[in-house]
Amino acid sequence: MGERTRVYGGPMRMRAAVLEEFGAPLAVQEVELAEPRAGEVLVRLHACGVCHTDLYTASGADPSGYAPTVLGHEGAGVVEAAGRDVGSLAPGDHVVTLFSPQCRECIHCRDERTNLCLAIREEQNKGHLPDGTTRISRDGEEIRSFMGCSTFAEHTVMPEIALAKVSGEAPFEHACLFACGLSTGLGAAINTAAVRPGSTCAVFGAGMVGLGAVAGCRLQGAERIICVDLSLQRLELARGQGATDLVEGGEGTVERILEMTDGFGADYTFEATGNVAVMRQAVEAARMGWGLCTIAGVAGKGETLDVVPRLLITGRRIAGSSFGGVKGRDQVPVLIDRYLAGEIDLTPFVSHRITLDEVNRGFELMEAQDGIRSVIEFA
Ligand SMILES: NC(=O)c1ccc[n+]([C@@H]2O[C@H](COP(=O)([O-])OP(=O)(O)OC[C@H]3O[C@@H](n4cnc5c(N)ncnc54)[C@H](O)[C@@H]3O)[C@@H](O)[C@H]2O)c1
Ligand SMILES: [Zn+2]
Ligand SMILES: [Zn+2]
C-alpha cells in the first residue's frame with residue numbers, strides 16, 4: 001500500500017482506483033485530494049464494499065455515467081479533519097458513507113414519508129461536491145466524484161450531511177455493508193413495508209439487498225419468510241438470515257407461492273433482482289386485500305413493469321424503495337447498534353477481503369457470483 005503523505009494547508013496525495021475509460025479495468029494510481037471546505041469532512045477509509053453499481057458504471061452501461069472518476073460508494077472509515085461550519089462530526093469519529101444524504105432541513109428531510117433528501121441531488125449527479133467543484137484531481141485535471149462518495153480511495157472528502165456517525169465498536173468490514181444494499185433490504189422491510197408481526201413475506205432475490213430484506217422481515221417478527229432465488233447457495237444464506245421456506249425461482253414461482261399460502265399469496269413481497277419479469281411475479285404473489293409489493297431492484301433504462309390493474313383494484317399495492325427509505329444519519333447508526341446487539345449476523349456476507357490494488361478482482365468475483373461482498377481493506 002502506498003504511503004499517505006499529508007502536507008498541511010495543501011492537497012494531499014493518495015492512492016485511488018480511477019475509472020479512466022468505460023469497459024477497461026480501473027487504474028489504481030496516485031491522485032491529489034484537496035482539503036475539506038465549509039460543511040465538508042476528510043475521511044480516511046478503512047473498508048469499502050464492491051457493489052454492482054460500481055461495476056455497472058465501469059462497464060459503460062449506465063447512460064448517466066462519466067469518466068474519469070473514482071468509483072466506490074460503500075465506505076466506512078474515520079474522520080480525520082472537518083472543514084468550517086461542520087457541527088456534527090469531529091476527528092476520530094467513525095462514519096459510514098451515504099450516497100443518499102440527509103440534510104435534515106429540506107422539505108423531504110422534514111417529512112417522515114421519504115428519505116429522498118433534495119439538498120445536493122443535482123450537483124451529486126454531476127459528480128460535484130455541493131459547491132459545484134471537485135476535490136480530487138491529477139496534475140491539475142479535475143476528477144469527478146461518484147455517487148457523492150468516491151470511496152475506492154485511501155481518503156475521501158464528503159459533505160457532512162452524507163456521513164453517518166456510527167459506533168466505534170463496529171468492525172469496518174461490517175459497517176461498510178450498511179452503506180448500500182444491506183440497509184436497503186433491511187429498510188425495505190422495516191420502513192417501506194413496515195412488516196407486521198406474524199406476517200407471511202416473500203423475498204425475490206437473495207443478493208445483499210434480498211438477504212437484508214429477509215433479515216428485516218425477521219426483525220419485524222414475520223412468521224413465515226419465503227425466499228426465492230436461482231442459486232441454491234444463496235438460498236442457504238437466506239435460511240441463515242431467517243428464511244423459513246426456500247424456492248428455486250423461474251416460471252411457476254407465483255403459483256408455488258400461492259400454493260404455499262392457501263391460494264392467497266404473501267402479506268408482503270419484496271423484489272431485489274432488478275429484473276422486471278421478477279417484479280411482476282412479486283406483484284402477483286402479493287395477497288389480495290392488502291398485499292404490499294415493495295420494489296428495491298433497479299431495472300434497465302427504458303424497461304417497464306407490466307401489471308394487470310385488477311390486481312390493484314382487489315387490494316394489492318406496490319411501493320418503491322430507495323435505500324430502504326432509510327434516513328441515513330438518523331437510522332444507519334441505529335441499524336448498526338442492532339447488529340452490535342447480535343440481531344443480525346453479517347459474517348456470511350463478507351466473502352472476500354481484497355486490497356485496493358485488487359479492486360478489479362472484486363469485479364470479477366461479482367460477475368462470477370462468487371460470494372455476496374468483496375470488501376476492500378485499507379492498510
Ligand atoms: N433501491 C435501492 O436503493 C438499491 C440499492 C442497492 C441495490 N439496488 C438494486 O437491488 C437489486 C439487487 O441488488 P443486489 O446487490 O442484491 O444484487 P445481486 O445480483 O447480488 O442479487 C440479485 C439476486 O437475484 C437473483 N435472481 C436473478 N434472477 C432471478 C429470478 N428470476 N428469480 C429469483 N431470483 C433471481 C440472483 O440469483 C441474485 O442472487 C439490483 O437491481 C440493485 O441495482 C437497489
Ligand atoms: Zn452499492
Ligand atoms: Zn434534505
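Data table
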item	result
Number of positions in the stretch 236-269 that are more than 10 Å from ligand 1 (Cβ to nearest atom) and farther than 17 Å from Thr314 by Cβ	14
Single condition Leu163 does not satisfy, out of (1) touching a Lys or Arg at 6+ places or on another chain (Cβ under 8 Å); (2) within 14 Å of ligand 1 (Cβ to nearest atom); (3) not β-branched (Val, Ile, Thr)	(2)
Elements of type strands (runs of 3 or more DSSP E) contained in the stretch 279-379, each with 3 or more residues being more than 21 Å from Pro171 (Cα to Cα) and either out of contact with any His (no Cβ under 9 Å at 6 or more places or on another chain) or of a type in the set (A, V, I, L, M, F, W, C) (or both)	292-295, 317-320
Residue in the stretch 129-144 that is within 16 Å of ligand 2 (Cβ to nearest atom) and either farther than 20 Å from Phe323 by Cβ or surrounded by 20 or more Cβ atoms within 10 Å (Cβ to Cβ) (or both) present	no
Members of the stretch 1-22 that are at pLDDT 95 or above and out of contact with any strand residue (DSSP E or B) (no Cβ under 7 Å at 6 or more places or on another chain)	Glu21, Phe22
Long-range neighbours under 8 Å by Cβ, at least six apart or interchain, first residue modelled with pLDDT under 95 and of a type in the set (Lys, Arg) within the stretch 48-69, second assigned to a loop (DSSP other than H, G, I, E, B) and within 16 Å of ligand 3 (Cβ to nearest atom)	none
Which numbered condition Lys165 misses (of (1) more than 17 Å from Ala17 (Cβ to Cβ); (2) more than 16 Å from ligand 3 (Cβ to nearest atom); (3) in a helix (DSSP H, G or I))	(3)
Tally, over the stretch 276-322, of residues that are within 16 Å of ligand 3 (Cβ to nearest atom) and surrounded by 24 or more Cβ atoms within 10 Å (Cβ to Cβ)	0
Criterion (over 25 Å from the mean Cα position of the chain (by Cα) and modelled with pLDDT of 95 or more) met by exactly one of Leu292, Leu258	Leu258
Selection status of Ile161, within 30 Å of Gly207 (Cα to Cα), surrounded by 14 or more Cβ atoms within 10 Å (Cβ to Cβ) and β-branched (Val, Ile, Thr)	yes
Ser351 vs. criteria crowded, with 16+ Cβ neighbours inside 10 Å and hydroxyl-bearing (Ser, Thr, Tyr)	no
Thr156 being part of a loop (DSSP other than H, G, I, E, B) and among the β-branched types (Val, Ile, Thr)	no
Residue match in the stretch 96-107 (condition: touching a residue at least 12 places away in the same chain (Cβ under 8 Å), touching a strand residue (DSSP E or B) at 6+ places or on another chain (Cβ under 8 Å) and among the charged types (D, E, K, R))	no
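Condition check ((1) in a strand (DSSP E or B); (2) away from ligand 1 (no atom under 16 Å from the Cβ); (3) closer than 21 Å to Val41 by Cα) across all residues:
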| residue | (1), (2), (3) |
| --- | --- |
| His108 | no, no, no |
| Thr114 | no, no, no |
| Glu122 | no, yes, yes |
| Met147 | no, no, yes |
| Ala175 | no, yes, yes |
| Phe178 | no, no, yes |
| Val195 | no, yes, no |
| Gly198 | no, yes, no |
| Ala202 | yes, no, no |
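The values are calculated or read from the model by the stated rules, or taken from the named source; none is laboratory data. Quick caveat, the model's predicted, so the values are computed rather than measured. Counting neighbours? That spans all protein chains shown, and the Cβs are built from the backbone with ideal geometry, glycine included.
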